[in-house]
Amino acid sequence: METSSVDHQNDLLVITCASGKQGSGLVPRVAKDWRRLRLVCHSTKSEEWLKREYPRAEVIRTDLSLPKEPERILKDATVIYHVEPPFAHRQNVMGFNMIDAARKVAKEGTFKHFVYASVLNPQLRKMIHHDQRLQVEEYLMESELNYTILQPTHFMFLFPVAPMLAQENPVYKANWNANIPFSFIALSDLGEVGAKVLNEREKHYTAQYPLCGDGPLNYQRICDMVSQEIGKKIELRQLTYEESVQAFLMRIFGTLDADAESIDAVERILLYYNRHGLIGSSNVCEWLLGRKPTNWLDWMRAEIQQIKQQAH
């Protein structure tokens, strides 16, 4: 039986973007076992929320784009689960700076494991954020650090179940061709995989894990599934390319006035998804979980049940 060197009482685990979607599936799992947690976030609102939810954790509010901040974030750290802000400006440089800081801490003798949350199929370089994460993966592989690379696919939560339930005549506005297939993963499954990798440590050194849970499924099929479940026909309305870009920018940044690189990244991902989607195999995820990953139908039913419970 393989053993892990993880010391849940003394090892310091750092998680970046801890209040984000990926953090929502991971942090509650590791908070039960890891006594020393350093949760990193960007906004004052996130900082306050993390302090309320995880009073034992150290919470740091910072800007990951500042080149010196990774050294402060990783001071005395044992392991990092590094998530980068979606479509952030110079996302690759954020990764490079964090890896450089980890190398420095490793030379001091405390750092043991760099877990990088990348993206499925980063070699699809027509998408800027894929290309930048591919660069970070390469830099990490050549860093001489002990690393694990997680490559999750499209997230199930991106489908707006709650508005479909709330609307009398629900309309789903598709940002790309609704007949193009995607693979999906539930945030809870990704969090379970992440916690496993952190807790088992050495077993996952130098591994790259493409993570898909269900699919390929297209959004037309998803609308049909949700319609049947909620008893209301969902009208699927295809947005124009320009409308999709604006909707995506507002969802991610809350403004249309993003920097040029971020706008380029959004424009390219929409063009790519419209033609190719994003698909992969669920085999690796099933092996890591030791069970079948959550499928879209089960995720949707659990989401609807949770929404109805919160309404009461």
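For this structure, a couple of remarks:
- For the range 264-312, the set of residues classified as among the β-branched types (V, I, T) and either assigned to a helix (DSSP H, G or I) or under 23 Å from M164 (Cα atoms) (or both) consists of V266, I269, V284, T294, I304, I307, listed by residue number.
- The set of residues from the range 181-210 being touching a His at 6+ places or on another chain (Cβ under 7 Å) and β-branched (V, I, T) comprises just one member, V197.
- For the range 179-187, the criterion of being within 22 Å of M98 (Cβ to Cβ), within 22 Å of the chain's Cα centre (by Cα), assigned to a strand (DSSP E or B) and in contact (Cβ under 8 Å) with a residue 12 or more places away in the chain is satisfied by no residue at all.
- Scanning the range 158-193 for residues that are within 26 Å of A18 (Cβ to Cβ), in contact with a Ser or Thr (Cβ under 9 Å, 6 or more places away or on another chain) and not polar (S, T, N, Q) yields F184, I185, A186, L187, D189, G191.
- Residues that are closer than 23 Å to Q91 by Cα and not small (G, A, S), drawn from the range 112-122: H113, F114, V115, Y116, V119, L120, N121, P122
- Per-region count, the range 225-275, residues touching a helix residue (DSSP H, G or I) at 6+ places or on another chain (Cβ under 8 Å) and hydroxyl-bearing (S, T, Y): 4
- Test: residue in the range 228-237 that is in a helix (DSSP H, G or I) and in contact (Cβ under 8 Å) with a residue 24 or more places away in the chain: yes
- Hits in the range 20-71 (condition: of a type in the set (A, V, I, L, M), closer than 23 Å to A101 by Cβ and buried (at least 16 other Cβ atoms within 10 Å of the Cβ)): L26, V27, V30, L37, L39, V40, L50, A57, V59, I60, L64
- Condition met for S183 (at pLDDT 95 or above, open to solvent by 40 Å² or more (accessible area, probe 1.4 Å), within 21 Å of V119 (Cβ to Cβ) and among the hydroxyl-bearing types (S, T, Y)): no
- Conditions (1) buried (at least 18 other Cβ atoms within 10 Å of the Cβ); (2) part of a loop (DSSP other than H, G, I, E, B); (3) modelled with pLDDT of 95 or more; number of the one not met by S143: (1)
- Search result, residues across the range 44-86 that are assigned to a strand (DSSP E or B) and touching a residue at least 60 places away in the same chain (Cβ under 8 Å): V79, I80, Y81, H82
- The numbered conditions (1) closer than 25 Å to V119 by Cα; (2) surrounded by 19 or more Cβ atoms within 10 Å (Cβ to Cβ) are all true for V6 except (1).
- Conditions (1) out of contact with any Gly (no Cβ under 8 Å at 6 or more places or on another chain); (2) within 26 Å of L150 (Cβ to Cβ): number failed by Q238: (2)
- Residues being in contact with an Asp or Glu (Cβ under 9 Å, 6 or more places away or on another chain) and open to solvent by less than 40 Å² (accessible area, probe 1.4 Å) - total across the range 89-102: 7
- Counting the residues of the range 17-43 that are charged (D, E, K, R) and in a helix (DSSP H, G or I) gives 2.
- Residue within the range 194-206 that is open to solvent by 70 Å² or more (accessible area, probe 1.4 Å) and out of contact with any Ser or Thr (no Cβ under 6 Å at 6 or more places or on another chain) present: yes
The values are calculated or read from the model by the stated rules, or taken from the named source; none is laboratory data. In this text, all values refer to a predicted model and were calculated from it rather than measured experimentally. Virtual Cβ from ideal backbone geometry, glycine too; neighbours counted across all protein chains shown. Keep in mind that these areas ignore ligands, DNA and RNA; they rest on the heavy atoms of the full protein, side chains included. Shrake-Rupley method; radii C 1.70, N 1.55, O 1.52, S 1.80 Å.
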